[in-house]
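Reading through the C-alpha cells given below for one structure.
The values are calculated or read from the model by the stated rules, or taken from the named source; none is laboratory data. Being a predicted model, the structure only gives us computed values, none of them experimental. Neighbour counts are summed over all protein chains in view; Cβ atoms, including those assigned to glycine, are modelled from backbone coordinates with ideal geometry. Protein only, heavy atoms only, side chains kept; ligands, DNA and RNA dropped before computing areas. Shrake-Rupley method; radii C 1.70, N 1.55, O 1.52, S 1.80 Å.
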Amino acid sequence: MENEFFDLFNVIFAASDSDRLRVFSLRHKVYCEELGYEPIDTKNRVERDEFDGRSLHCLIEHRATGLSAGCMRIVFPDTRSLRGYGLPIEEHGVEIELDPEIRSEDLCEISRVAIPSYFRSSRVEEAAVDGFGEFVFSQQERRFFPMIGVSLFLCATAFTGLIERFHVLAMMENRFQRLLARSGIRFSQVSRPIHFRGERAAFYIDQRYAEDGMRGSILPLYRSIQDELSRQLIEKGSVPGVMSSKTLCKILL
C-alpha cells in the first residue's frame with residue numbers, strides 16, 4: 001500500500017512561506033468556498049487564523065497534477081495563556097476532561113483538516129478543477145482517495161512523535177473517529193458532544209499508544225510517512241514561532 005500511495009501522492013512538511021500559502025489557499029477552498037464554514041476572502045483567497053503562527057503544517061499533493069489533496073496542522077498551546085491551553089478546541093466552549101498530570105508543554109491539537117471535494121470520495125468521476133478543466137481521475141487513483149484523511153492523521157502521528165508532543169487532541173465527528181479506529185488509531189472521547197459543523201466532540205490519544213496499536217496493514221505506510229517527514233524536518237530546519245533548528249536537531253538526530 002505504501003508504495004502505491006507514494007506513487008500517487010507527495011507528503012510535504014509546509015515549512016516555507018510558499019507551501020504554507022498553498023495550505024491556506026486549500027483551506028479557503030474547502031472551509032470558505034465549498035462548506036461555508038468561514039467567510040470568503042475575496043482579495044487573497046486564503047483562510048488563516050491566530051493559531052497558524054504556532055503550528056506545524058502538512059500538505060498532501062497529487063503527483064500527476066500538482067493539486068493539493070489535503071492538509072492539516074498541529075497547534076501548540078499558548079504558553080502566555082492565562083486560561084486553559086490556548087488551543088482552537090477551547091474556542092467552542094468544550095470542557096475537556098484530561099489527566100491532570102498532562103502538562104501543557106506536552107500537549108498539542110490536530111486542527112484544520114481539509115480535503116477538497118474532488119478528493120473526498122472514491123466515487124468522483126469527473127471534477128472541474130481550476131486550471132485543469134475537466135480532469136478525470138483513474139480508477140486506481142480513486143481507490144486511494146478515502147486514504148487521504150487517514151494519511152493526514154498518520155502525518156500528525158508521525159509529527160507528534162518526532163517532536164515528542166505525545167498528548168494529542170482533536171475535534172471530530174464520531175464517524176471519522178470510527179474510521180481511524182479501523183486503522184488501529186483509537187482516540188478516546190474527552191468531552192460531551194456539541195453541535196459544531198455537525199455533532200462533534202473532543203478526542204484524545206497518546207501518540208505512543210497510537211503507534212503501538214496501529215494495524216499491520218497500515219504500519220508500512222505510516223513508517224514511510226514518518227521517514228519522509230523526519231527527513232524534511234531536518235532538511236527544512238526551524239519553524240518560526242514553533243521551534244528552533246537547534247531544538248529540531250536535538251530531537252531528531
### Query
If contacts are Cα pairs under 8 angstrom and at least 6 residues apart, what is the relative contact order of region 28-124 in percent?
27
### Query
Using the Karplus equation 6.51 cos²θ - 1.76 cosθ + 1.60 (θ = phi - 60°), what ³J(HN,Hα) coupling, rounded to whole Hz, does each residue of region 19-34 give in order, writing x for Gly and Pro?
6, 5, 4, 4, 4, 5, 5, 5, 4, 5, 4, 7, 6, 9, 7, 7
### Query
Across the chain, where is the longest run that never hits GluC sites (Glu not before Pro) in a DSSP loop with at most 16 other C-beta atoms within 10 Å?
174-253
### Task
Quote to one decimal, in nm, the extra length available between Ser104 and Asn3 on full extension: 0.36 nm per residue of separation minus the C-alpha distance between them.
32.7 nm
### Query
What accessible area per residue comes out for the chain, rounded to a whole number of Å², with a 1.4 Å probe?
49
### Task
Using a 1.4 angstrom probe on heavy atoms only, work out the carbon and sulfur share of the accessible area of region 1-72 in %.
46
### Query
Across region 177-188, in residue order, what do the Karplus-derived ³J(HN,Hα) couplings come to in whole Hz, using 6.51 cos²θ - 1.76 cosθ + 1.60 with θ = phi - 60° and x for Gly and Pro?
4, 5, 4, 5, 4, 5, 8, x, 8, 9, 7, 10
### Query
Let a ≥ b ≥ c be the square roots of the eigenvalues of the Cα gyration tensor of the chain; is it rounded (a/c under 1.5), or, if not, prolate (a/b larger than b/c) or oblate?
rounded
## Note on the structure
Taking 0.36 nm per residue of separation between Gln139 and Arg45 and subtracting their Cα-Cα distance, the length gained on full extension comes to 30.7 nm
### Query
Expressed as a whole percentage, what fraction of the accessible surface of region 142-233 belongs to carbon and sulfur atoms when a 1.4 Å probe is rolled over the protein heavy atoms?
46
## Note on the structure
Quick note, region 59-113: a/c under 1.5 would make it rounded; otherwise a/b > b/c is prolate and the rest oblate (a ≥ b ≥ c, C-alpha gyration tensor); here it is prolate
### Message
Just want to confirm a number: the relative contact order over the chain, from Cα pairs under 8 angstrom separated by 6+ residues, in percent.
### Response
20
